[in-house]
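The values are calculated or read from the model by the stated rules, or taken from the named source; none is laboratory data. What you see is a predicted model, and the numbers here were worked out from it, not measured in a lab. Backbone-built Cβ (ideal geometry, glycine too); neighbour counts: all protein chains shown. Please note that ligands, DNA and RNA were not included when accessible areas were found on the heavy atoms of the full protein model with its side chains. Shrake-Rupley method; radii C 1.70, N 1.55, O 1.52, S 1.80 Å.
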Amino acid sequence: MVTPMQEDGDVDYDGAARLATYLVDEQRNDGLIISGTTGESPTTSDEEKDRLLRAVLDAVGDRAVVVAGVGTNDTRHSIRLAQSAERAGAHGLLLVTPYYNKPPQEGLLRHFTAIADATELPAMLYDIPQRTGTPIASETLVRLAENPRIVANKDAKDDLGASSWVMERTDMAFYCGSDILNLPLLSVGASGFVSVVGHIVGSDLHDMLDAYQEGDVAHALAIHRRLTPVYTGIFRTQGVITTKAVLNMFGLPGGPVRTPLADASPELQALLREDLAAAGVKGPIGLAPHQEVPGSVVGVERLTEGSA
């Protein structure tokens, strides 16, 4: 989930509660990840993360799984964030691969294990080497899956063969972290999606997941193809930029992004309107995107399996 901001750049906590309610009750997301990259976690403070998590838990914690992003490139800092999230009442943790310092695989194993062992919460790894600079090797994922609290992986490695290999050898639930591969990853055993476009077409993604799991692959494929313009449009640039632009178009809480990100230009906004129109996407009350403009979890039930 994006972190809504006020025009002065402060976190809009009331807006976050309203957006969370919309994403769960209207867009049918089974859960929300708070303070992931799409939530601008690199530029929010620990105090902001805690207050944001509590606002979302108060809004939807009784009917959706709320997962706190607590991964950093500092193991001790991540442990403190994880313990804070547990005290706030989070249902699970998201642990991104440490970025920039490029640890070896043994370092990744120790890092993730230390965080997982610091709370009683189930944990989802987040493997996105194009951002972090370091992949979680398949063999390392198999070893991490032996930890009873490491139960899932947000897979943005974009390697269906590697993902399939790990799923064959573990009970780890895989969630697609690259929206264009949502349907393909289901075909090799994924459980659902951690989606950016779920802000906009979450209900459609839920329909696609349901259709696939019921054996109606043709219907699932038809939904996938209809949503392709949204998949490609939202990732014309960094996903939070485009997602907030669309939320603002629809009159939903979004607001500006924090630097070093930059808000969508008028030209990008125009392209996004074309993308939405190509996919037949309407606003939350059945209206097309406004012409003036001031990166969700689907199928998350399995995240709680195996929690201590």
Expressed in angstrom and rounded, the centroid-to-centroid distance over alpha carbons for region 104-129 and region 155-210 is 20
Here P(r) for region 181-265, Cα-Cα distances in 10 Å bins, as whole percents, is 17, 44, 26, 12, 1
Order by accessible surface, 1.4 Å probe, largest leading, for residues Glu120, Glu86 comes to Glu120, Glu86
Label model pair Arg18, Thr43: point-to-point distance (7 angstrom along the Cα→beta-carbon line) in nm is 2.2
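What length, rounded to one decimal in nm, is gained on full extension from Ala137 through to Arg225, with 0.36 nm per residue of separation minus their alpha-carbon distance? Before the final figure, lay out each step's value.
Numbers: separation 88, 0.36 × 88 = 31.68 nm, distance 3.11 nm.
Gain in length upon complete extension: 28.6 nm.
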Whole-number value, in Å³ per residue, for the convex hull of the alpha carbons of region 1-142 is 113
Per residue, accessible area of the chain with a 1.4 Å probe, heavy atoms of protein chains only, in Å², comes to 41
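Could you work out the helix-only [θ] at 222 nm for the chain, with each DSSP H run of four or more residues adding -39,500 (n - 2.57) and the total divided by the number of residues, to the nearest 500 deg cm²/dmol?
Details: 12 runs with 139 residues, N = 308.
Result for the chain, helices only: -14000 deg cm²/dmol.
Over every pair of different alpha-carbon atoms in region 141-185, take the mean of 1/r and invert it; report that Kirkwood radius in Å. Could you put the intermediate results ahead of the total?
Working: mean 1/r = 0.0934 Å⁻¹.
Across region 141-185, the inverse of the average 1/r is 10.7 Å.
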Of the candidate values (1) 18.1, 52; (2) 19.2, 59; (3) 18.1, 57, the one computed for Rg and Dmax of the Cα atoms in Å from this structure is (1)
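Could you work out how much longer the chain between Thr237 and Asp210 gets when fully extended? Use 0.36 nm per residue separation minus the Cα distance between them, nm to one decimal.
Working: separation 27, 0.36 × 27 = 9.72 nm, distance 2.95 nm.
Here the answer is 6.8 nm.
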Once normalised by the length of region 48-142, the mean sequence separation of its alpha carbon contacts under 8 Å that are 6 or more apart gives a contact order in percent of 28
